[in-house]
1. Are there any trypsin sites (Lys or Arg not before Pro) in the range 278-354 that are in a DSSP loop and have at most 14 other Cβ atoms within 10 Å? List them by number.
2. For the range 249-306 and the range 80-138, what is the separation of their C-alpha centers, rounded to whole Å?
3. Starting from the Cα-Cα distance between Arg138 and Val55, subtract it from 0.36 nm times their residue separation and give me the gain in nm to one decimal.
4. In nanometres, what is the gap between the two model label sites at Asn332 and Val62, each 7 Å from Cα along Cα-to-Cβ?
5. Per 0.36 nm of contour for each residue apart, how much would the distance between Thr269 and Glu339 grow if the chain were fully extended, relative to their Cα-Cα spacing?
6. Please work out the Kirkwood hydrodynamic radius for the range 82-136, using every pair of different C-alpha atoms, and report it in angstroms with one decimal place.
Amino acid sequence: MTAEPGSAGVAVRGQAPLRTSTLWHLVWLGMLLFQPLYDDRNRPLQWAVALAVVVVFLPIYVLAHRGPGPVRRWALVTTTVLGVLAAPVNSGASVLFVYAAAFAGSGRTRRVARWWLAGLTALVVVLVLLSSIPMPWRLWAFAPSLVLVWVVGLVTIEEIEEGRANRIHNARVEHLATLSERERISRDLHDLLGQTLTGIVVRSQLAQRLARTDAEAGIAEMAEVEQAARAALTEVRATVSGWRQVDLDDELAVSRSALTAAGVTLEVTREPGLVLTPSAETALGLALREGVTNVVRHADARHCTVTLHRVGGRVVLEVADDGVGGETPDGNGLTGMRERIAALGGEVQRRARGGTALTVTVPAAVAT
C-alpha cells in the first residue's frame, strides 16, 4: 500500500493513470472479510457494511490517484470519516485508516502528514476501546492497522520527499548542462568566427586594393573569401550540433593563409611524430586559431612563429609575434581558451614584451 516513486501511485502529485501495481494495494480490503467470517454476531450487518465500504471506497481510491491535490485532500477526509463510521460494526474497516495514512503522506507536507498519522492512531485506539469484540481478538483485529498507519504513512512521506529531491536534482543537472552547452557553443563560435571573419575582412580589403591594379588577383582573393565563408558555415553547423573536430594541420594551413593576407610571415616548428588525442588537438587547434586571430587584429606584426613540442611531461604550443605587444585584459577569446585548456588540466600564459607570446601547456598524459 506504500507509494511508488515515479509511478502513478499516491506518491505522484498530479494526475496520472492507475497502474496494476497501484490496484494491487486494494487487496488489503480483504480485511473486511475476517469479522463476518469468524464472528456470528450481527453477521448480515457486518456483510452489508463490508459491501458498502467497498462500493464507496473504490471511487475515492481512483479519484485519489488520478485527481489533483484538492481531490486527494478530500479523499483523505472522506476515507477517515468512512473508517470511523464502519469500523465499530466491522473491525476490518480499520484498514481505511491505513489508506488515509498513505493519502496524508502523499498529499500533505511532512509536518501536517505527521499530525494526521497521530490523529489516525488516536482514532484506532478509541475504536479499540469502544469495540465489542472480546479480548484478545480485539487486539488482533485492530493491531495491524495501528502499526501500518505509521509504516505506510512514514514510508510514503519519505518517498515523496525523495521524489521531490530527485526532481530538484534533475532540474539542477539539466540547468547546468544547458548552461555548459551554451558556454561551449559561445566559446566555439567566438573561436570560429573570430579568425574567419577577420580573414574575410583582411582578404576583402586586399581584393579591393588589387582590383585597382590587378583584376585577376582581386578575383582570386574574392574566391578565397567565398571559400572561407563556406568553410565557416560548415563549421558553424558542426559547432551547434556538437560534433566539430579540429585538425591541427588544417588550422596551421588556415593560419598561414590569414597571416599571409595580412602581410605577416609564419614560421612553424612542430615536433615530428607527436600525435595528439582528439580532445587535445581540438583544444590546441582552437588556441592556435585565437592566437593567430589576435596577431592579425592587434599585433601589427611582421613575423609570427608557432611552436608545438613536448617539454618534460607537457605538450606546449606557443604562438609568438614581433608586434607591438601590450598588457591588455583578457577578452572573451582568451577567457574561453583558458576554460577549455583548464578542462584538460592545462594552463595558458601570455607574455607581452617585445611582441606577444601565447603559451599553452597540456599534460602529456592527457594530450597524447
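Since every read-out is calculated from the coordinates, none of them should be taken as a lab result. Computed from a predicted structure; not experimentally measured. Neighbour counts run over all protein chains shown; Cβ positions are idealised from the backbone, glycine included.
1. Arg302, Arg353
2. Value for the Cα centre distance between the two parts: 78 Å.
3. So the chain would gain 27.3 nm between Arg138 and Val55.
4. Distance between the two pseudo-spin positions: 5.8 nm.
5. Gain on extension, Thr269 to Glu339, equals 22.6 nm.
6. One decimal place: 11.7 Å for the Kirkwood radius.
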